[in-house]
Amino acid sequence: MLSSGRNRALGAALFLLAAVATTRAEDSLLPDAQLFRQIYQELVEINTTESAGDTVRAAEAMAARLRAGGLPAADIRVLSSGPRKGNLVARLRGTGALRPLLLIAHIDVVEAKPEDWDFDPFRLQEVDGYFRGRGTIDDKAMASIFVANLIRYVAEGFRPDRDIILALTTDEELSDSPHDGARWLLEHHRDLIDAELAVNEGGGGALKDGRPARMSVQLAEKVYQSFRLEVKDPGGHSSLPRRDNPIYRLAQGLGRLAKYDFPVRLNAVTRAYFEKAAATEDRDVAAAIGSLLAGSSDPQALAPLSERAPYNAQIRTTCVATLLEAGHAENALPQTARATVNCRIMPDEPVADVERTLLRVIDDPKIAVIPIGQAVLSPPSPLNPELMTAVERLTAQMWPGVPVVPTMSAGYTDSRWLRNAGIPAYGVSGLFSDPGRNGVHGLNEQIGVKELYAGKEFLYRLVKTLAVKRPPE
């Protein structure tokens, strides 16, 4: 047995060795972290809104980063799908033993009015443990991570068993844009992005009380379809008002729609989601989930779900008024009143059925219900055991005890184009945030600094795992 003095000396030596090793590890990662921070800031600070932005500039900036990081220029292309509409496609070549893996993220962002924000949305800020700015989550976080990690693979000399393709796309935030990058690339340059599977946004981690609660993998997403509600009238002088005013008529129809809930509807993905989510929820929500899974449609039993917007969006189709337009003069009766109603439809529910439901609920033959654009159906991606196993293992390593749940996005992503083209797409980011406070599509978008760096490491490991051939078990 060693003496206590020798024990202390040995312990001190081991501690010193561990400290040196840790310092060396941190030193080796520091340049990568610094480079990522620079890439992230550069991308966030390039305005890529539809109104005033330029995704060509953003795509070219990321192409320059990849070239500087050692990726051959011949394997990097910036492709424009329209004026100020840029897409980047880059390829890290592997052995070809497996078909390619596609990493996709969009670089356009939702509009942000500086006068409404607490800070400049196009200047990256690091305040109180958060990165703040438009696109800090949606979706410049993943775009920057993919660029930085690709450079890291090059620096390491990593030779995957499959090509790793990176596609940074434009116009994902615009539902019917003819310049939508993912759709345009599939139509005009399918060979550049064709892959066995794709990793995209749409899934991620949910924080509860500031702690990781669950990790989601998006396998499906709702179908996007808007409708225009319209009332026409001859109008007249405002000094001679009538009760059938188009504004009143439209408002009454919208009022009826506001009180209506579409029927509860589960599918294989949402059922699996709720089966796992129940274990992470409070008693009243868990009880409501139990009723849901048992087949109940009782409004009172399901109220804890219906009253929470994220859960309500998982259990039914939703239609909500988002835009209003009426009248032409202050002293004239309105000749037209219009409202835009945006619907997010369950993947297995026919769009025509939703239109018929709107007509029935609005219940006014003078209110026309007109589809806007053509809905893009989005079949779910099949469960991929290799991907799910990798996500579960990495989640257990980085966030012990956090469950991995399959999920359906209430919104839509570029995955809808990929799935329709026969490329299974999976939304998984490793980025944890509080959905009620992250400001995505709203004011003051933000993500925790430590959560962003953890998500970067998660995606680094996940892509590396998926890019190599697994030995037979």
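The values are calculated or read from the model by the stated rules, or taken from the named source; none is laboratory data. Model, not experiment: these values are computed from the prediction. Neighbour counts are summed over all protein chains in view; Cβ atoms, including those assigned to glycine, are modelled from backbone coordinates with ideal geometry.
Here are the numbers for the structure shown:
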read-out: Count of residues meeting criterion [within 26 Å of ARG249 (Cα to Cα) and part of a loop (DSSP other than H, G, I, E, B)] in region 304-360; value: 8
read-out: Any hit, region 146-165, residues being farther than 16 Å from ALA467 by Cβ, in a loop (DSSP other than H, G, I, E, B) and in the same structural domain as ASN47 (by TED's automatic domain parsing); value: no
read-out: Selected residue (criterion: surrounded by the fewest Cβ atoms within 10 Å (Cβ to Cβ)) from residues of region 68-114 that are in contact with a Lys or Arg (Cβ under 7 Å, 6 or more places away or on another chain) and charged (D, E, K, R); value: ARG99
read-out: Condition broken by ALA332, with the remaining ones in (1) buried (at least 17 other Cβ atoms within 10 Å of the Cβ); (2) hydrophobic (A, V, I, L, M, F, W, C); (3) modelled with pLDDT of 95 or more satisfied; value: (1)
read-out: Which listed residue, of ASP244, ASP261, is of a type in the set (D, E, K, R) and more than 23 Å from TYR412 (Cα to Cα); value: ASP244
read-out: Condition met for GLY157 (surrounded by 24 or more Cβ atoms within 10 Å (Cβ to Cβ) and either modelled with pLDDT under 95 or within 21 Å of PRO100 (Cβ to Cβ) (or both)); value: no
read-out: Any hit, region 420-436, residues being under 25 Å from LEU35 (Cβ atoms) and either aromatic (Phe, Trp, Tyr) or outside any loop (DSSP other than H, G, I, E, B) (or both); value: yes
read-out: Selected residue (criterion: farthest from ARG419 (Cα to Cα)) from residues of region 163-193 that are out of contact with any strand residue (DSSP E or B) (no Cβ under 9 Å at 6 or more places or on another chain) and of a type in the set (Asp, Glu); value: ASP191
read-out: Qualifying residue in region 224-235 (condition: outside the structural domain of PRO365 (by TED's automatic domain parsing) and among the hydrophobic types (A, V, I, L, M, F, W, C)); value: no
read-out: Output for region 257-272, where each listed residue is surrounded by 14 or more Cβ atoms within 10 Å (Cβ to Cβ) and touching a residue at least 60 places away in the same chain (Cβ under 8 Å); value: LEU257, PHE262, ARG265, ASN267, ALA268, VAL269, THR270, ALA272
read-out: Residue among LEU387, LEU333 that is over 27 Å from ALA286 (Cβ atoms) and either of a type in the set (D, E, K, R) or in the same structural domain as LEU101 (by TED's automatic domain parsing) (or both); value: LEU387
read-out: Some residue of region 192-215 being in a strand (DSSP E or B) and surrounded by fewer than 16 Cβ atoms within 10 Å (Cβ to Cβ); value: yes
read-out: Residue match in region 279-298 (condition: acidic (Asp, Glu), assigned to a loop (DSSP other than H, G, I, E, B), over 26 Å from the mean Cα position of the chain (by Cα) and over 23 Å from VAL405 (Cβ atoms)); value: yes
read-out: Test set (1) among the hydrophobic types (A, V, I, L, M, F, W, C); (2) free of Cβ contacts under 8 Å to residues at least 24 places away in the same chain; (3) within 25 Å of GLU355 (Cα to Cα) - ALA294 fails condition number; value: (3)
read-out: Number of positions in region 221-231 that are of a type outside the set (Asp, Glu) and under 12 Å from the mean Cα position of the chain (by Cα); value: 0
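Let's see how each residue does on (1) farther than 30 Å from VAL127 by Cα; (2) crowded, with 23+ Cβ neighbours inside 10 Å; (3) out of contact with any His (no Cβ under 9 Å at 6 or more places or on another chain):
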{"position": "LEU418", "(1), (2), (3)": "yes, yes, yes"}
{"position": "PHE432", "(1), (2), (3)": "no, yes, yes"}
{"position": "LEU443", "(1), (2), (3)": "no, no, yes"}
{"position": "PHE458", "(1), (2), (3)": "no, yes, yes"}
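Each row is one residue, and each column tells you yes or no for (1) among the acidic types (Asp, Glu); (2) free of Cβ contacts under 8 Å to residues at least 40 places away in the same chain.
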{"residue": "ARG338", "(1), (2)": "no, no"}
{"residue": "ARG344", "(1), (2)": "no, no"}
{"residue": "PRO350", "(1), (2)": "no, yes"}
{"residue": "GLU355", "(1), (2)": "yes, no"}
{"residue": "LEU359", "(1), (2)": "no, yes"}
{"residue": "LYS366", "(1), (2)": "no, no"}
{"residue": "PRO371", "(1), (2)": "no, no"}
{"residue": "LEU377", "(1), (2)": "no, no"}
{"residue": "SER381", "(1), (2)": "no, no"}
